[in-house]
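Presented below is the structure to which this report refers.
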Amino acid sequence: MKFLFDLLPVIVFFAAFKLADIYVATGTAIAATFMQVVWLKLRRKPVEPMLWASLGLIVVFGGATLLLRDETFIKWKPTVLYWLFGVVLAGSALLFRKNLVRSMMAHQVDLPEEIWGKLQASWIGFFTFMGALNLYVAYNYSTDAWVNFKLFGGIGLMLLFVLGQALVLSRYAHDQKT
């Protein structure tokens with residue numbers, strides 16, 4: 001359910017684009033993200049930093065898209081979000097010697113420091129790649145193709161990446177038991 005909750009703005013954006021246009025889709029994505037925060041607040045649940053960042057970026061980039069009637073801004077939003085995540089992960093490691101991936105996952109899996117470092121580096125690389133790929137699609141294909149990529153390509157690549165990570169970690173966990 002959390003996965004679907006996290007995807008709600010992207011799904012709403014996709015549906016609104018297919019039914020109307022990029023501007024209606026942008027407005028509905030802003031509203032959907034805002035409503036996610038309101039829903040969590042009303043239920044007295046914590047709003048994760050990723051959702052706050054996403055809300056801030058959708059308001060800024062989506063607002064610029066609507067105000068200036070220029071779809072370029074909304075197309076940049078995923079890249080900025082991906083690169084922000086990558087910079088936060090890299091910055092925490094370089095400046096504070098803190099592995100945020102470990103902080104988020106240590107209660108689920110026990111790994112040596114070397115593996116945690118590789119895991120964090122792979123996430124930094126993935127976010128960097130996804131940001132660049134989003135720009136490539138945004139500037140080299142139609143808006144319709146970009147919207148399709150945003151839902152199916154972006155989510156598909158994320159799922160493949162997570163599954164790949166799970167396979168690597170499961171092999172390591174198997175080695176730990178023997």
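The values are calculated or read from the model by the stated rules, or taken from the named source; none is laboratory data. Here the structure is a predicted model, which means the values were calculated and not measured. As a convention, Cβ positions derive from the backbone with ideal geometry for all residues, glycine included, and neighbour counts pool all protein chains shown. All accessible areas refer to the heavy atoms of the entire protein, side chains included, with ligands and DNA or RNA removed. Shrake-Rupley method; radii C 1.70, N 1.55, O 1.52, S 1.80 Å.
Counting only helices (runs of 4 or more DSSP H) that sit completely within the stretch 70-178, those holding 2 or more residues that are open to solvent by less than 40 Å² (accessible area, probe 1.4 Å) and either of a type in the set (Val, Ile, Thr) or closer than 22 Å to Pro9 by Cβ (or both) correspond to 72-96, 113-140, 143-148, 154-177. May I ask you to list the residues in the stretch 38-47 that are surrounded by 14 or more Cβ atoms within 10 Å (Cβ to Cβ) and out of contact with any helix residue (DSSP H, G or I) (no Cβ under 6 Å at 6 or more places or on another chain)? Leu40, the sole residue that qualifies. Would you check if there is a residue in the stretch 8-20 being in contact with a helix residue (DSSP H, G or I) (Cβ under 9 Å, 6 or more places away or on another chain), open to solvent by less than 70 Å² (accessible area, probe 1.4 Å) and assigned to a loop (DSSP other than H, G, I, E, B)? The answer is yes, given that some residue of the stretch 8-20 is in contact with a helix residue (DSSP H, G or I) (Cβ under 9 Å, 6 or more places away or on another chain), open to solvent by less than 70 Å² (accessible area, probe 1.4 Å) and assigned to a loop (DSSP other than H, G, I, E, B).
For Gly56, the conditions (1) out of contact with any helix residue (DSSP H, G or I) (no Cβ under 8 Å at 6 or more places or on another chain); (2) open to solvent by 90 Å² or more (accessible area, probe 1.4 Å); (3) assigned to a helix (DSSP H, G or I) all hold with the exception of (2). Taking the stated definitions as given, is Thr143 hydroxyl-bearing (Ser, Thr, Tyr) and in contact with a Gly (Cβ under 8 Å, 6 or more places away or on another chain)? No, not satisfied.
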